[in-house]
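K.L.:
My questions will all concern the structure given below.
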Amino acid sequence: MFNFWGSKDQQQGQSRPQEASSQSPWYSPSLVGSPSSSRPQTSGQIGANVSPGEAAGIIAFLKDKSVDELRKLLSDKDAYQQFLLSLDQVKIQNSIKDELRRETLQLARENLEKEPQIMELRNQCRIIRTTELAAAQEKLNELERQKEEILKFYSPGSLLHKLQEAMNQVDEESEALQEKFLEKEIDTVAFVQKYKKLRTTYHRRSLIHLAAKTSNI
């Protein structure tokens with residue numbers, strides 16, 4: 001497994017695969033002879049994809065250990081776990097994990113502290129929706145109704161109808177004035193002035209009405 005072992009020790013390790021297997025039932029037998037074999041997954045274990053620099057650091061750390069110590073790492077789960085936790089890479093990861101846990105707990109505490117404020121804001125929003133919003137909606141509906149009435153009042157059809165009524169009114173006034181003149185209730189000078197004014201107004205409105213109808217068509 002380790003190229004830096006002495007050839008004699010390496011031969012001893014390869015000549016007794018059954019012994020190593022019996023000593024570490026939770027390892028695959030190929031772990032003894034294959035550098036690429038995976039170690040057992042533990043809570044603090046480094047991922048399989050380590051950088052060459054990290055791998056070199058781990059190998060350098062193992063270099064000073066004796067054969068018995070290396071065998072113990074392969075056969076003793078607690079020893080392996082202790083060795084793993086002593087690595088700088090694992091220490092850094094555990095430190096980051098602890099820091100993230102502390103920050104998460106702090107955020108959770110802050111959220112819990114803000115819960116009464118959040119509930120109060122929700123209640124205020126509910127009150128606004130049921131009171132102020134309802135009143136504003138009612139006012140908006142009233143304004144919409146007024147707008148529709150104004151648009152209807154000033155629509156082309158409505159304006160034409162009102163202009164026609166104004167023409168009819170002037171025509172009736174001119175006829176009534178004419179009857180007064182025939183019955184001698186008004187002198188000629190006053191009749192001519194008023195009748196001329198009424199007929200001028202009638203014909204002006206009539207021309208406007210005709211132009212509006214033509215334009216509308």
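The values are calculated or read from the model by the stated rules, or taken from the named source; none is laboratory data. Since this is a predicted model, take the numbers as computed values, not measurements. Note that we place each Cβ from the backbone using ideal geometry, even for glycine, and neighbour counts take in every protein chain shown. Areas reflect the complete protein model, heavy atoms only, side chains present, ligands, DNA and RNA absent. Shrake-Rupley method; radii C 1.70, N 1.55, O 1.52, S 1.80 Å.
K.L.:
Where residues in the stretch 171-205 are among the polar types (S, T, N, Q) and crowded, with 16+ Cβ neighbours inside 10 Å, which of them is nearest to residue 158 (Cα to Cα)?
P.N.:
Taking the stretch 171-205 first, the residues among the polar types (S, T, N, Q) are 174, 178, 188, 193, 200-201.
Subsequent filtering for residues that are crowded, with 16+ Cβ neighbours inside 10 Å retains 174, 201.
Values: 174: 25, 201: 20 Å.
Taking the candidates together, the pick is 201.
K.L.:
One residue is enough: does the stretch 92-108 have a residue meeting the conditions over 30 Å from residue 203 (Cα atoms), of a type in the set (Asp, Glu), part of a helix (DSSP H, G or I) and open to solvent by 100 Å² or more (accessible area, probe 1.4 Å)? Before the answer, list the steps.
P.N.:
First, the residues of the stretch 92-108 that are over 30 Å from residue 203 (Cα atoms): 92-108.
Okay, now just the ones that are also of a type in the set (Asp, Glu), so 98-99, 103.
With part of a helix (DSSP H, G or I) added as a condition, the list becomes 98-99, 103.
Filter once more, keeping what is open to solvent by 100 Å² or more (accessible area, probe 1.4 Å): none.
Looking for residues that are over 30 Å from residue 203 (Cα atoms), of a type in the set (Asp, Glu), part of a helix (DSSP H, G or I) and open to solvent by 100 Å² or more (accessible area, probe 1.4 Å), one finds none in the stretch 92-108, hence no.
K.L.:
Return only the number of the condition from (1) open to solvent by less than 80 Å² (accessible area, probe 1.4 Å); (2) touching a residue at least 60 places away in the same chain (Cβ under 8 Å) that residue 158 does not satisfy.
P.N.:
The failed condition is (2).
K.L.:
To continue, here is another question. Across the stretch 130-155, what is the total count of residues that are under 30 Å from residue 212 (Cβ atoms), of a type in the set (A, V, I, L, M, F, W, C) and modelled with pLDDT under 85?
P.N.:
Initially, the stretch 130-155 is screened for residues under 30 Å from residue 212 (Cβ atoms), giving 143-155.
Those still in the list that are of a type in the set (A, V, I, L, M, F, W, C) too: 143, 150-151, 153.
Now restrict to residues that are modelled with pLDDT under 85: 151, 153.
Total meeting the criteria: 2.
K.L.:
Here's another thing I want to ask about it. Between a residue in the stretch 52-73 that is closer than 18 Å to residue 90 by Cβ and acidic (Asp, Glu) and any residue that is open to solvent by less than 80 Å² (accessible area, probe 1.4 Å) and at pLDDT 75 or above, which pairs come within a Cβ distance under 7 Å, given they are 6 or more apart or on different chains?
P.N.:
Qualifying pairs under 7 Å: 54/89.
K.L.:
How many of the residues making up the stretch 109-147 are open to solvent by less than 90 Å² (accessible area, probe 1.4 Å) and either in contact with a Leu (Cβ under 9 Å, 6 or more places away or on another chain) or of a type in the set (Ser, Thr, Tyr) (or both)?
P.N.:
Here the count works out to 1.
K.L.:
Looking at the stretch 46-68, which of its residues are part of a helix (DSSP H, G or I), surrounded by 11 or more Cβ atoms within 10 Å (Cβ to Cβ) and modelled with pLDDT under 80? Show your work before the answer.
P.N.:
Step one: filter the stretch 46-68 for residues part of a helix (DSSP H, G or I), giving 52-63, 67-68.
Keeping just the survivors that are surrounded by 11 or more Cβ atoms within 10 Å (Cβ to Cβ) gives 54-59, 61-62, 67.
Within the stretch 46-68, 54, 55, 56, 57, 58, 59, 61, 62 meet the criteria.
K.L.:
Going by the structure shown, is residue 151 of a type in the set (A, V, I, L, M), assigned to a helix (DSSP H, G or I), out of contact with any Cys (no Cβ under 7 Å at 6 or more places or on another chain) and open to solvent by 60 Å² or more (accessible area, probe 1.4 Å)? Please lay out each step first, then the result.
P.N.:
Details: of a type in the set (A, V, I, L, M): yes; assigned to a helix (DSSP H, G or I): yes; out of contact with any Cys (no Cβ under 7 Å at 6 or more places or on another chain): yes; open to solvent by 60 Å² or more (accessible area, probe 1.4 Å): yes.
Against the criterion (of a type in the set (A, V, I, L, M), assigned to a helix (DSSP H, G or I), out of contact with any Cys (no Cβ under 7 Å at 6 or more places or on another chain) and open to solvent by 60 Å² or more (accessible area, probe 1.4 Å)), residue 151 qualifies.
K.L.:
Of all the residues that make up the stretch 154-205, how many are acidic (Asp, Glu) and assigned to a helix (DSSP H, G or I)?
P.N.:
Of the residues in that region, 6 qualify.
K.L.:
If you go through the stretch 195-217 one residue at a time, how many are in contact (Cβ under 8 Å) with a residue 40 or more places away in the chain and within 21 Å of residue 172 (Cβ to Cβ)? Don't jump to the end; show me each part of the working.
P.N.:
First, the residues of the stretch 195-217 that are in contact (Cβ under 8 Å) with a residue 40 or more places away in the chain: 205, 208-209, 212-213, 216.
Right, trim to within 21 Å of residue 172 (Cβ to Cβ) and you get 205, 208-209.
Qualifying residue count for the region: 3.
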